[in-house]
Amino acid sequence: MHLRASKGDSVFKGDYTLSGDGQIEMALLYPGHRYTLVRMRLRVRGTTIGANNRLDVLKILTTGVNGTELGNWKGNILELVEDWEENETHDPDVPAVSHSRGLTPFVFVPFEEADTSVLNLPVEKMDYFVPG
């Protein structure tokens, strides 16, 4: 997420930290008509011992960011928002929103299996998926 960010329009650069208890705090900023910050709290786990092949989404929060504040900031995004309250926004036109839908775990698929994995089937071909 941080070191391999692409110049493509659909890939955004973000920052993250991994705590000792296996939780990841991450933040990414995406531009648009107004800057919006996405903050996530994730938990690393595995389906077998040592696998670490799942990321459980614990929280997703979007909030507004003041463009002037960004222009003066030289650190990473996590340092900018570390003292913000959960419902704090710095742009009155973009309220802070805590998202509760779509919090299914991220599932890792080996790169060499990405083209053939059933997780990459189009919706009309996929019967169902139960994360675990």
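Just a few scattered comments:
- Among residues other than THR47 with Cβ under 13 Å from its Cβ, the summed charge is +1 (Lys and Arg +1, Asp and Glu -1).
- Rough spin-label spacing in nm, given labels placed 7 Å along Cα→Cβ, for PHE111 and GLU79: 3.0 nm
- 3J(HN,Hα) from dihedral phi, region 48-64, Karplus parametrisation 6.51/-1.76/1.60, rounded to Hz, x for glycine, proline: 9, 4, x, 6, 6, 10, 9, 10, 7, 7, 8, 7, 10, 9, 10, 8, x
- Heavy atoms of SER98 accessible to a 1.4 Å probe, total area in Å² rounded to 10: 70 Å²
- Remark: spin-label model distance GLU69-ASN87 equals 1.7 nm, labels positioned 7 Å along the Cα→Cβ axis.
- The dipole here belongs to region 51-98: it is taken about the Cα centre, uses +1 on the Cβ of Lys and Arg and -1 on the Cβ of Asp and Glu, and is about 300 debye.
- For region 15-125, the fraction of 1.4 Å probe accessible surface lying on carbon and sulfur atoms is 52 percent.
- In this structure, the amide hydrogen of LYS59, modeled 1.01 Å from its nitrogen in the peptide plane, lies closer than 5 angstrom to those of ARG41, counting only residues at least 5 positions away or on a different chain.
- Between the residues LEU70, TYR16, VAL44, the greatest Cα displacement towards the positive end of the dipole of region 15-125, with unit charges on the Cβ of Lys, Arg, Asp and Glu, is found for VAL44.
- A simple rule links phi to the HN-Hα coupling: the Karplus curve 6.51 cos²θ - 1.76 cosθ + 1.60 with θ = phi - 60°, which for region 117-122 gives 5, 5, 6, 9, 5, x Hz, with x for Gly and Pro.
The values are calculated or read from the model by the stated rules, or taken from the named source; none is laboratory data. Remember, it's a predicted structure, so these values are computed and weren't measured experimentally. Quick reminder, even Gly has a Cβ in these numbers, built from the backbone with ideal geometry, and neighbours come from all protein chains shown. Areas reflect the complete protein model, heavy atoms only, side chains present, ligands, DNA and RNA absent. Shrake-Rupley method; radii C 1.70, N 1.55, O 1.52, S 1.80 Å.
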